[in-house]
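To start, the structure itself, in structure tokens.
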Amino acid sequence: MTSTHLSDPSRTHPGTPGTPAASARGLTKSYGRGDAEVHALRGIDVDIPAGRFTAIMGASGSGKSTLMHCLAGLDQPTAGSITIAGTQLESLDDDRLTRFRRDHVGFVFQAFNLLPMLTAGQNILLPFELAGRKVDREVRARYDEVVATLGLADRLGHRPSELSGGQQQRVAIARALVAQPAIVFADEPTGNLDSDSSAEVLGFLRRSVRELGQTVVMVTHELDAAAYADDVLVIADGEIRAHLVDPEPAALVAALRPGTSIAAGGATR
Ligand SMILES: Nc1ncnc2c1ncn2[C@@H]1O[C@H](COP(=O)(O)OP(=O)(O)OP(=O)(O)O)[C@@H](O)[C@H]1O
Ligand SMILES: [Mg+2]
């Protein structure tokens, strides 16, 4: 893997913690057997920095969703190790993994996956209901903070059908954030949105990193979307091709061009 550091020091975030929010070592995922075997991930080593917004980019079929699903503990790798918030996922049995995901990982999907009969506010608190957890004063304070950051205060009593696509996705993001997960994974979160709503949702995702200290990892096809991220992981044919830190647009375009080798531009991770 080639790492490129292109940051202007003034753009790095004060107090960015050094411990990664998630890491993978030797991560391999194969599907099928024999002639039909597909190597979706070919031994990936990666650290997802905490308190930053990371985009995963690459061509269709390059392994982006597989990487994200393995990192999130939704899919089991063929080999390798994944650590989230200091816990090695392969050490957990199914029940403990389910509980770990519930308590430490947030998800945002392309289809917003809100429950239509519940209001926005009820949807945001649904994970607490499902887990049988009390919405105490601390949770309520976090809820208020998340709702304010995502600009949803005047929409909480509305059902999803009464909200725009962008507002629905903001509710889904709020739902992912309210439990203060160690990391939030978003697979093509703007895939169902028009360009104005996409920009709005991406701006709010970035705010959740800047203002709430959240760690967000987003899979996207779109350069415009990746431009909101701090870091970009470029994946090609199941391998990480580059890990760009605060990339300039030209560096990102170059890294995404097929067959181009990437010149390391400075400090490496
Ligand atoms: N369940 C599966 N069974 C067999 N092959 C699979 C399965 N899931 C994914 N693959 C293969 O693994 C490779 C990586 O797939 P993945 O879904 O991770 O790609 P992606 O980068 O997310 O693509 P896209 O941008 O189209 O969503 C592809 O070759 C795909 O066909
Ligand atoms: Mg995908």
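Computed from the coordinates by the stated procedures, all read-outs in this text should not be read as laboratory data. If you're wondering where the values come from, they're calculated on a predicted model, not measured in any experiment. With ideal geometry, Cβ positions are generated from the backbone for all residues, glycine too; neighbour counts draw on all protein chains shown.
Before moving on, here are some points about what is shown:
- Exposure proxy for TYR228, TYR31: other Cβ atoms within 10 Å of each Cβ, ordered fewest to most, give TYR31, TYR228.
- Amide H to amide H, with H built 1.01 Å from N, MET218 comes under 5 Å of THR54, ALA55, ILE56, ALA186, counting only residues 5 or more places away or on other chains.
- With N the number of residues in segment 126-188, Rg(Cα) / (2.2 N^0.38 Å) evaluates to 1.12.
- Relative exposure of SER195, SER30, SER60, judged by other C-beta atoms within 10 Å (fewest first): SER60, SER195, SER30
- Beyond 19 Å, the tail of the calculated P(r) for segment 40-93 holds 28 percent of the Cα pairs.
- For GLN110, net neighbour charge (Lys/Arg +1, Asp/Glu -1) across residues whose Cβ lies under 10 Å away: -2
- For ALA242, distant residues with modelled amide H under 5 Å away: THR2, VAL234
- Residue by residue, segment 62-67 carries 3J(HN,Hα) couplings of 6, x, 4, 5, 4, 4 Hz when phi is fed to the Karplus relation 6.51 cos²θ - 1.76 cosθ + 1.60 (θ = phi - 60°); x denotes Gly or Pro.
- A straight chain from SER164 to SER65 at 0.36 nm per residue would run longer than the Cα-Cα distance by 33.0 nm.
- The distance from the alpha carbon centre of segment 19-89 to that of segment 116-175 is 29 Å, rounded to a whole number.
- Total charge dipole magnitude, segment 18-62, about the Cα centre, Cβ charges on Lys, Arg, Asp, Glu only, Debye to nearest 20: 80
- Here is the P(r) of the chain: all C-alpha pair distances, binned every 5 Å from 0, give 1, 6, 13, 17, 19, 17, 13, 8, 5, 2, 0, 0 in whole percents.
- Ascending count of other beta-carbon atoms within 10 Å, so fewest first, for PHE100, PHE112, PHE185: PHE100, PHE112, PHE185
- Derived scalar couplings ³J(HN,Hα) [segment 28-44; Karplus, 6.51 cos²θ - 1.76 cosθ + 1.60; whole Hz; x for Gly, Pro]: 10, 9, 10, 10, x, 9, x, 5, 8, 5, 10, 8, 6, 10, 10, x, 8
- With the simple model of a label 7 Å out from the Cα in the direction of the Cβ, ALA131 to HIS39 spans 3.8 nm.
- Cα-centre dipole for the chain with unit charges at Cβ (Lys and Arg positive, Asp and Glu negative), debye to 20: 480
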